[in-house]
Amino acid sequence: MREARGSKRQRDVRHLVGVWLPTVLVLALLAAGVGAYHYEWGPRYLPGLAADPLTEPEAVLPPAGLDLPGWSTPAPVAAAVDASAPIAPGRVASAVTPDLADPDLGRHVVGAVTSLTPGSETWTSGDGRYLPASTTKLLTVGAALATLGPDQTFTTRVVRGVGPREVVLVGGGDPLLASQPLTVAEAEATYPARADVATLALAAADALGGKGRVKVRFDDSLFTGPTDNPAWRRDYVPDDIVSPITSLMVDSGIEPDGLSRSDDPSLAAARAFADALAAAGVTLVGDPRRVVAPPRAEELAAVESAPLGEIAERVLDVSDNEGAEVLAHQVGLATSGTGSFEAGAAGVLDTLGGLGIDVSGEVYDGSGLSRRNRISTSTLLGLLQHAAGPDGEAMRSVVTGLPVAGFTGSLTYRFDEGPAVARGLVRAKTGTLTGVHALAGIAVGRDGASMAFVFAADKVKDEDRYDAQDAIDRAAAALAACTCSRTPG
């Protein structure tokens, strides 16, 4: 019995040593680690451990007996290449011709590549004129920036009406005006900032004393002419492909359900404003009605848009049709005093032509939805060169707003084929309509040379549309993988 009890005691001791001792040691190490972190025991009591190899690698001594050579300046791998170095047309042709010859692109393909220096040598393929689709937005944004300046903002106001109980919401042509303020989380993830009519209503209610009975009126007379472009397909507005264009739109004319577009965006904006006014304690009389605000009417409240430079980047990044059309109308106002589709298109071409850019062609809208548009690749190359050059500071958002291949905007989910190096080194505006696929932007080659390019096909069969898009992407990717600058000497 004693032997049996002794064996049990031995087993208990072994159990304590084998199970609990490691646990105690782990806890002790953890406690030491916490103490060392919290009380800085290492630097204070263990000087040999004071240097952090992550933040102070130079203070970590090498092991004893290791003799390390001294530092020396490495030889340059290659001479730096001027980013504006002229292209070598033959090299460009070798890089892009195989993809531009893809039969899926159809029977009308154009291409043009040059450096970012105006007047430099250009490689071209095809006749140069094409149906631009949304690459038209580059012209619109460029002209808006050149005419109005990147710091221009657009004001939405509330003024007193003709009657003592009337307030008038006056549209100022803000392309990004919203119906509601963004939440904190939404605001952190949204660029640029948005003005909204709910915040405007709160300010107007405060100016009115937060009470009383008012009639809401709205004024969208800043823009004139049709709200549906005659050069668009007749089903674009009825089928909610694009909203009617007015100077008083919230949420790009999209209804609160997020599934449809308003037939009257100005009235929808006025209703959103009226609802917010009522929520602020003001009693509404009747429904909103369209008027023209009295001249020099007393202003009760106002909200400002983001600067045009930021709006321009957003319009290009996501290919915002309504935003581009509003900007084109603003160009029309600035150049002729008329905010309409016709005046906007004419103002865009006149503005760019005044900068010395070739504007041979026809443009009927600001977004590129019109299938009547025809522009030359030289127009877009000239625009990109100007926006990237020393005289194009006002238009720099044309370059900074270009989507980045494989990363942002309309190119986020593209460039999954072809040389992977293109991801991040090609920035381009897309252009897509039925039968049309285009890219226009800037690629940085392997030698560091920046190249402006336009690739487009506008007679693509519907069944080939995805393969055609991939072929255009591969051609642009080939530029990024190419050593296409002309070697000096």
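The values are calculated or read from the model by the stated rules, or taken from the named source; none is laboratory data. Worth saying up front: this structure is predicted, and the values here are computed from it rather than measured. Ideal geometry is used to build each Cβ from the backbone, glycine not excepted, and the neighbour counts take in all protein chains shown. For accessibility, only protein heavy atoms count, side chains too; no ligands or nucleic acids. Shrake-Rupley method; radii C 1.70, N 1.55, O 1.52, S 1.80 Å.
Summary table below
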| item | result |
| --- | --- |
| Test for residue 427: is it at negative phi, among the basic types (Lys, Arg) and surrounded by fewer than 22 Cβ atoms within 10 Å (Cβ to Cβ) | no |
| In the stretch 310-327, residue nearest to residue 412 (Cα to Cα) [restricted to those that are of a type outside the set (A, V, I, L, M, F, W, C) and assigned to a helix (DSSP H, G or I)] | 317 |
| Contacts under 7 angstrom Cβ, first residue in the stretch 146-160 being basic (Lys, Arg), partner open to solvent by 50 Å² or more (accessible area, probe 1.4 Å) and in a loop (DSSP other than H, G, I, E, B), 6 or more apart | 160/298 |
| Residue, surrounded by the fewest Cβ atoms within 10 Å (Cβ to Cβ), within the stretch 253-268, restricted to residues that are under 16 Å from residue 171 (Cα atoms) and touching a strand residue (DSSP E or B) at 6+ places or on another chain (Cβ under 8 Å) | 267 |
| Condition met for residue 407 (open to solvent by less than 30 Å² (accessible area, probe 1.4 Å) and either under 27 Å from residue 241 (Cβ atoms) or of a type in the set (Phe, Trp, Tyr) (or both)) | no |
| Pairs, first open to solvent by 10 Å² or more (accessible area, probe 1.4 Å) in the stretch 448-465, second at pLDDT 95 or above and charged (D, E, K, R), C-beta under 6 Å, six or more apart | 459/107; 464/104 |
| Hits in the stretch 432-447 - residues which are under 21 Å from the mean Cα position of the chain (by Cα), over 21 Å from residue 321 (Cβ atoms) and surrounded by 24 or more Cβ atoms within 10 Å (Cβ to Cβ) | 443 |
| Residue match in the stretch 92-100 (condition: polar (S, T, N, Q), within 30 Å of residue 459 (Cα to Cα), open to solvent by 50 Å² or more (accessible area, probe 1.4 Å) and at pLDDT 90 or above) | yes |
| Failed item, numbered, when residue 337 is tested on (1) in contact with an Asp or Glu (Cβ under 9 Å, 6 or more places away or on another chain); (2) on the phi > 0 side of the Ramachandran plot | (1) |
| Pairs where the first residue, in the stretch 82-109, is assigned to a strand (DSSP E or B) and the second is surrounded by 17 or more Cβ atoms within 10 Å (Cβ to Cβ) and among the β-branched types (Val, Ile, Thr), C-beta under 6 Å, 6+ apart | 106/460 |
| Hits in the stretch 233-252 - residues which are open to solvent by less than 10 Å² (accessible area, probe 1.4 Å), closer than 12 Å to residue 369 by Cβ and of a type in the set (A, V, I, L, M, F, W, C) | 242, 245 |
| Any hit, the stretch 363-371, residues being more than 17 Å from the chain's Cα centre (by Cα), without any contact (Cβ under 8 Å) to a residue 60 or more places away in the chain and open to solvent by 10 Å² or more (accessible area, probe 1.4 Å) | no |
| Meets criteria (aliphatic (A, V, I, L, M), over 20 Å from the mean Cα position of the chain (by Cα), surrounded by fewer than 16 Cβ atoms within 10 Å (Cβ to Cβ) and assigned to a helix (DSSP H, G or I)) for residue 278 | yes |
| Residue check, residue 306 not in a loop (DSSP other than H, G, I, E, B) and not polar (S, T, N, Q) | no |
| Scope the stretch 292-317; condition open to solvent by 40 Å² or more (accessible area, probe 1.4 Å) and either free of Cβ contacts under 8 Å to residues at least 12 places away in the same chain or of a type in the set (A, V, I, L, M, F, W, C) (or both); matching residues | 292, 295, 296, 302 |
| Residue match in the stretch 166-187 (condition: over 25 Å from the mean Cα position of the chain (by Cα), part of a loop (DSSP other than H, G, I, E, B) and under 21 Å from residue 246 (Cα atoms)) | no |
